[in-house]
Amino acid sequence: MIVDILKCHGTGNDFVLIDEINDFYDFTEEQRVLLAREICDRKGPVGADGILFVQKSTFADGKMRIFNADGSEPEMCGNGLRCVGRYVIEISGKDSVEIETMKGKYMVKKAEDIYEGITTIQITIDTISFDIKTLPMNGPADRHLFQKIESLSNTVEFSALSISNPHIVSIVDHIDERVLKEIGEKANNIKEVFPKGVNVNFVKILDEQSIYVKTYERGVGLTQSCGTGMTASSIIVCCHDSKRLGREVKVFNDGGMIQCIVHKDAVEKYKVEFIGNASYIYQGKVCFDFEETKTYKLIEQEMYATEIANYEAFLRYVKKSLETI
């Protein structure tokens, strides 16, 4: 089978996008899992954090299904949604679209460039819950904020919330990737606490306007960035310091930088404006044999050279910005 692909990324969190609106592939669920495991394998010719299947929706402009590199299907992916949003905006000719996901519907629209030549997309995220049952997480209370989880660590405090998908966030003085990886692996193997696993985020507060986030993503591992992880971290930082509510927060990560504006209304309902790049790397074709899954080949590749160069310039800008904080 020949499959058209679009390699894309949101702050370095990279994906393979497959258009099922214009191309009818009729994948089975088992084939989607195989595609994710094989094409996302970094040892192969493509490699990615996940596959984005863009489909028709009965009530929105498009539907996103994402499969992680291990073949699991998460409920939501913020960086992936920006990429899908951009793609559906371009094929529909609209300035804004609604995208259906597993557990919600999101408004996605074009935004002012975060940096010259960087296509920038804004998502409004309002599927936020502090009820631990929505993760799900097993614990003694309805909420878990700024407390230890003894089975994970006797020193690190966590806050739990759902952004459709599950997150725990810890505000730390120093982001230690070794500790994050250790806790992330442990959290996704303690089914009595997190029955469906969890994304683990370490966030360092840089100044009144800036934070740095690193995520261990369920089904992926340590990533360049995680969109819902950055959203969750921004919310918890605003819970820690309410003066940040309603103000732009620059969220730095290993793959670049995005912007979040966290809002809370009178009944303590949260909403986040989530703004960042949706960049194309290349379009191509893969030849995939579902009977002999190890034999897939990348048979065509056309690079988006200008977009790649612009993002490299943006990364240099981000690096200089960090040096001044």
In nm, what is the difference between 0.36 nm times the number of residues separating Val179 and Ala305 and their Cα-Cα distance? 41.7 nm
Looking at the square roots a ≥ b ≥ c of the eigenvalues of the Cα gyration tensor of segment 181-325, which shape do they give, rounded for a/c under 1.5, prolate if a/b is larger than b/c, or oblate? oblate
Cross-link pairs Lys264/Lys320; Lys109/Lys271; Lys148/Lys243 - those with Cα-Cα distance over 22 Å: Lys264/Lys320; Lys148/Lys243
Which of Glu291, Glu157 has the fewest Cβ neighbours within 10 Å, and the rest in rising order: Glu291, Glu157
If one computes P(r) from the Cα atoms of the chain, what percent of pairs lie at distances over 24 Å? 52 percent
If we sort 67-74, 248-255, 306-313, 86-93 on the protection proxy, mean other Cβ atoms within 10 Å, highest first, what's the order? 248-255, 67-74, 86-93, 306-313
Taking Cα pairs under 8 Å and at least six residues apart, what relative contact order does the chain come out at, in percent? 19 percent
Using the per-residue mean of other Cβ atoms lying within 10 Å as a proxy for protection, in what order, highest first, do the peptides 19-32, 171-184 fall? 171-184, 19-32
Taking K and R as +1 and D and E as -1, what net charge do the other residues with C-beta under 13 Å from the C-beta of Phe130 add up to? +1
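Laboratory data are not the source of any read-out in this text; all were calculated from the coordinates shown. What you are looking at is a predicted structure, and each value in this text was computed from that prediction instead of being measured. Virtual Cβ from ideal backbone geometry, glycine too; neighbours counted across all protein chains shown.
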